[in-house]
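The values are calculated or read from the model by the stated rules, or taken from the named source; none is laboratory data. Predicted model, so just to flag it, every value in this text is computed and none were measured. We place every Cβ from the backbone using ideal geometry, glycine too, and count neighbours over all the protein chains shown. The area values use the complete protein model at the heavy-atom level, side chains included, leaving out ligands, DNA and RNA. Shrake-Rupley method; radii C 1.70, N 1.55, O 1.52, S 1.80 Å.
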Amino acid sequence: MTDATANQNPAHGALTTTDARTRRRNAAEARFRLYGQIAIAIGIAALILLLTSVLSNGLSSFRQTFLFLEVTLDEKTLDKSGVRDVEVMKKVTTIGYGKLIEKSLQSAIEEHGITVEGLTDKDVSDMISKEAAALVRNKVLANPDLVGQTVPVKVLANGRIDGYLKGRVTMESAERDSNVSPNQLLLADAMRAEGLLVKSFNWGFITGADASELRPEAAGLGIAIIGSAYMMIVVLFLALPIGVAASIYLEEFAPKNRFTDLIEVNIANLAAVPSIVFGILGLAIFINVAGLPQSAPIVGGLVLTLMTLPTIIISTRAALKAVPPSIRDAALGVGASKMQSIMHHVLPLAMPGILTGTIIGLAQALGETAPLLLIGMVAFVRDFPAAPPEGFFDPAAALPVQVYNWTQRADPAFVERASGAIIVLLIFLLAMNAIAIFLRRKFERRW
Amino acid sequence: MNDMRLTEKSVEANDTKISARGVQVYYGDTHAIKDVDVDIADQTVTAFIGPSGCGKSTFLRCLNRMNDTIDVCRVEGNIKLDGDDIYDKRVDPVQLRAKVGMVFQKPNPFPKSIYDNVAYGPRIHGLTRSKAELDEVVEKSLRRAALWNEVKDRLQAPGTGLSGGQQQRLCIARAVATSPEVLLMDEPCSALDPIATAQVEELIDELRSRFAVIIVTHSMQQAARVSQRTAFFHLGNLVEFGETGQIFTNPSDPRTESYITGRIG
């Protein structure tokens, strides 16, 4: 007691000076933090790179170049009989309409006093998208009374002209391009100055059907969005009940023996099976054995259900396990049956986890491409599927497959389209994740 | 140990409510309860004491077949409630648990309103015919659990928002709402502060007028304060069972004496 220093452990120095060992430990901690920060920085940089590349390539696909024309719907060409019978009028093909549109464009150019040296008639007619005639024809067939009138129409410009306005096509590249001539670009400049050629929001990209190689300007995502939506409906209505029922049984009721262990191991393994294997399975079973149609959302949905089930089962079981056993005891203690304790107490508490797992599984399924290629969803589909339930059996595309499809095409206009489709896909995924977070917050309860 | 009121307590000769004969419990290969014979009297508080892991909670959980939920657990022997074997094949544990209520070590109210917590038992057993009747049961149960005055203005508030002691009394209210005949309490005060403990102990004494109460406790003082009969468990054996006063003042087994004087446990 008299000599305080005598009690001091010689291994410990004064508090105010750090010894070598402490310095080493502090340095190790600082290094570890730095590693973490570097890892996060790399991740963020990769994300920014990805988003900028997708957005810079794809955002332009939401705007499209249109021609504003006054088309005289000549009765002699469109309806010789003059009785406005739609069945008879259908005999006039798009070629007839195309000529009318060309004529109206010619006269618009003359009217506005635009002159470009060496401009041929073909140059002028090629300014218009091949899709334009079909558009006007559909409009007239829907409303035969328009025949004989002069109506204002907004038609798509050719993909190359659109590319010129977006900077993809230049004078230099046009000289080497057999599909577009520099004269057309000059004409486009002049028409733009006169307000005949305008860029505006492209609803057709979101609602329209896919288009052929020759008319990238008309290609849309409509069928792919519907197909993906139908598949998600199939997956949700099959995978959620089957997955939740299987998890509840395995977690709460099943005896623990070799057989259930085997099932458990297999479910974990299934989650890791490459998705293309599920595609082969779907092709073999749903199409070849069960005889379901190819390219149909029902088959895609079934295949994606098989793929999503392990994810849902694993996350649901984790959510059930996370419910404290005291709640089960409490329910059993007042005489609830096992079923009642699960339905009244365990399941509501596990709900946020189950929903989050389900939506993450769905998001995974939404972005899945490989299995869909094998069951024919890669086909070129021009007709919109019908409303459900019949629509589930009609051919359709899917968003990720559409991206894959468009990247395969030669015309550079499809690169922009593919990036645009990726943006749409990302928006859907973000929306689903936002729903997952919202549901989690809403159902989360403390205990 | 001198200030205890146990000598003043009269132990009436009540009817036997539960009688256990030759009870053996196995957890897999572990022999957790070895040949226990006990008679639990009606309208009496019986305390199970003993060191940790001695099997007192295990034995308690045999009495309402809560051990059924543990896969590896096996119960042998004979436990009779009012003369009926509760391990008979025809007995549904759900019906048994409505008769034998249970309060757990950790307060475990459902994450629902106070009202729904208490009303849950009567609802699933169909004990009430109308909302008014249910309201009455809820009020009566909360009054019996000495909680009514504190929560009557916020019955729709979540049960998990109450303090620890209130939560435990809510759990007691939930257990008595199904009008059980026996109330099992597994260390009901171990998570509570001394004031809440005193409230719960007072409550246990009141509950005795209606039920047979069995309480597992680590605190010998608590056993001495609340119980009329005490059973001492050690390493799965029932060492001594008798009137509380006698166990604490004049134990017949040397192990009991060692435990209550603090030499083992």
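Hey, does the range A:304-325 have a residue that's in a helix (DSSP H, G or I), open to solvent by 70 Å² or more (accessible area, probe 1.4 Å) and within 11 Å of chain B (Cβ to nearest Cβ)? Yes: the range A:304-325 contains one or more residues that are in a helix (DSSP H, G or I), open to solvent by 70 Å² or more (accessible area, probe 1.4 Å) and within 11 Å of chain B (Cβ to nearest Cβ). Scan the range B:237-255 and give yes if some residue there is assigned to a strand (DSSP E or B) and open to solvent by less than 20 Å² (accessible area, probe 1.4 Å), otherwise no. Yes; the residues of the range B:237-255 include at least one that is assigned to a strand (DSSP E or B) and open to solvent by less than 20 Å² (accessible area, probe 1.4 Å).
Of all residues in the range B:64-97, those satisfying the criterion of being aliphatic (A, V, I, L, M) and within 12 Å of another protein chain (Cβ to nearest Cβ) are B:Met66, B:Ile70, B:Val72, B:Val94, B:Leu96.
Just give me the residues in the range B:22-73 being surrounded by 14 or more Cβ atoms within 10 Å (Cβ to Cβ), more than 19 Å from B:Leu96 (Cβ to Cβ) and of a type in the set (Ser, Thr, Tyr), in sequence order. Of everything in the range B:22-73, those that are surrounded by 14 or more Cβ atoms within 10 Å (Cβ to Cβ), more than 19 Å from B:Leu96 (Cβ to Cβ) and of a type in the set (Ser, Thr, Tyr) turn out to be B:Tyr26, B:Tyr27, B:Thr44.
Checked against the criterion of being farther than 30 Å from A:Ile276 by Cα, among the β-branched types (Val, Ile, Thr) and without any contact (Cβ under 8 Å) to a residue 12 or more places away in the chain, the candidates A:Val334, A:Val323, A:Val289 yield just one match: A:Val334. The single residue among B:Arg229, B:Arg154 that is more than 14 Å from chain A (Cβ to nearest Cβ), within 18 Å of the chain's Cα centre (by Cα) and open to solvent by 10 Å² or more (accessible area, probe 1.4 Å) turns out to be B:Arg229. The condition of being closer than 23 Å to B:Ala98 by Cβ and either open to solvent by 10 Å² or more (accessible area, probe 1.4 Å) or not β-branched (Val, Ile, Thr) (or both) holds for only one of B:Ala175, B:Ala196, B:Ala191, that being B:Ala175. B:Leu203 satisfies every condition listed in (1) farther than 16 Å from B:Arg143 by Cβ; (2) in contact with a Lys or Arg (Cβ under 8 Å, 6 or more places away or on another chain); (3) of a type outside the set (Val, Ile, Thr) except (1).
Of everything listed in (1) among the small types (Gly, Ala, Ser); (2) over 19 Å from the mean Cα position of the chain (by Cα); (3) assigned to a loop (DSSP other than H, G, I, E, B); (4) closer than 26 Å to B:Asp15 by Cβ, the single unmet condition for B:Gly262 is (4). All of B:Lys89, B:Lys106, B:Lys80, B:Lys99 fail the test of being surrounded by fewer than 20 Cβ atoms within 10 Å (Cβ to Cβ) and touching a helix residue (DSSP H, G or I) at 6+ places or on another chain (Cβ under 7 Å), apart from B:Lys106. Applying the set (1) under 18 Å from A:Ala336 (Cα atoms); (2) crowded, with 23+ Cβ neighbours inside 10 Å; (3) free of Cβ contacts under 8 Å to residues at least 60 places away in the same chain to B:Ala145 leaves exactly one unmet item: (1). Among the residues of the range A:193-209, is there at least one that is under 19 Å from A:Phe384 (Cβ atoms), in a helix (DSSP H, G or I), open to solvent by less than 50 Å² (accessible area, probe 1.4 Å) and not hydrophobic (A, V, I, L, M, F, W, C)? Yes, there is a match, as at least one residue in the range A:193-209 is under 19 Å from A:Phe384 (Cβ atoms), in a helix (DSSP H, G or I), open to solvent by less than 50 Å² (accessible area, probe 1.4 Å) and not hydrophobic (A, V, I, L, M, F, W, C). If you check A:Pro255 against the conditions, is it of a type outside the set (S, T, N, Q), under 30 Å from B:Gln95 (Cβ atoms) and within 14 Å of chain B (Cβ to nearest Cβ)? Spelling it out, A:Pro255 is indeed of a type outside the set (S, T, N, Q), under 30 Å from B:Gln95 (Cβ atoms) and within 14 Å of chain B (Cβ to nearest Cβ).
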